[in-house]
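The values are calculated or read from the model by the stated rules, or taken from the named source; none is laboratory data. Predicted, not measured: the structure shown is a model, and the values here were computed from it. Backbone-built Cβ (ideal geometry, glycine too); neighbour counts: all protein chains shown. We work out accessible area using only protein heavy atoms, side chains counted, and drop any ligands, DNA or RNA first. Shrake-Rupley method; radii C 1.70, N 1.55, O 1.52, S 1.80 Å.
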Amino acid sequence: MAYSGECSCGAVKVRIDAEPLTVRQCWCRRCQKIAAGGPTHNAIFPTESIVADGLLASDSYIADSGNTLTRWHCAACGTPMFSASSARPQLRVVRLGVLDGSHGLKPTVAIWTSEAPDWAIIDPSMDQFPEQPPAPPPQNCRN
Ligand SMILES: [Zn+2]
Ligand SMILES: [Zn+2]
């Protein structure tokens, strides 16, 4: 299955030839900043499965884990596109809003729920982690 998508202004286009390892929502405070107050919604894909076309800009910071987190956004319209951890360069986090409408993916895990605002409504059917969960299994894991 392949996924396609683009930023809000259309300057950056993306194609992904893989299934995501996991789809999560993240309530950490940094995600709330780029998601306008709510969580980010993220599908994690093998980096090698993603082809992006168009001008991206990025920012980086040192996370509590000590790893460097890099986030990429459209240089023209600012739409958050991807992020990655220096500890796991083989994985790329794709913001769900980037993907074209009928992708059929939905989050099954909520992370950093300890930083969610009081008014957050978190679907009780999702697995929940108060902070960072373990990394998803390797991409060739069939279990
Ligand atoms: Zn754009
Ligand atoms: Zn986050």
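Residue 92 meets the conditions (1) away from ligand 2 (no atom under 16 Å from the Cβ); (2) of a type in the set (D, E, K, R); (3) in a strand (DSSP E or B) in every case but one. The failed one is (1).
Within region 109-125, can you find the residues that are part of a loop (DSSP other than H, G, I, E, B) and open to solvent by less than 70 Å² (accessible area, probe 1.4 Å)? Walk me through it before giving the result.
Step one: list which residues in region 109-125 are part of a loop (DSSP other than H, G, I, E, B), which gives 112, 116-125.
Residues satisfying the conditions are 112, 116, 117, 120, 122.
Contact map, region 65-84: residues that are on the phi > 0 side of the Ramachandran plot and surrounded by fewer than 17 Cβ atoms within 10 Å (Cβ to Cβ) paired with residues that are at pLDDT below 95 and assigned to a strand (DSSP E or B), Cβ distance under 8 Å, separation 6+ or inter-chain. No pairs are found. Among residues of region 1-24 that are closer than 17 Å to residue 57 by Cα, those with a beta-carbon under 6 Å from a residue that is open to solvent by less than 20 Å² (accessible area, probe 1.4 Å) and away from ligand 2 (no atom under 16 Å from the Cβ) at least six positions away or on a different chain give the pairs 7/74; 11/74; 12/74; 14/5.
Mind listing whichever residues of region 30-83 are in contact with an Asp or Glu (Cβ under 6 Å, 6 or more places away or on another chain) and not in a strand (DSSP E or B)? Quick ask: steps written out before the conclusion?
Going through region 30-83, the residues in contact with an Asp or Glu (Cβ under 6 Å, 6 or more places away or on another chain) turn out to be 49, 71.
Scanning region 30-83 gives a single hit, 49.
Of the numbered criteria (1) touching a residue at least 60 places away in the same chain (Cβ under 8 Å); (2) over 20 Å from residue 4 (Cβ atoms), the one residue 57 fails is (1). Within region 12-29, being assigned to a strand (DSSP E or B), within 16 Å of ligand 1 (Cβ to nearest atom) and either in contact with a Cys (Cβ under 6 Å, 6 or more places away or on another chain) or open to solvent by less than 20 Å² (accessible area, probe 1.4 Å) (or both) holds for one residue alone: 14.
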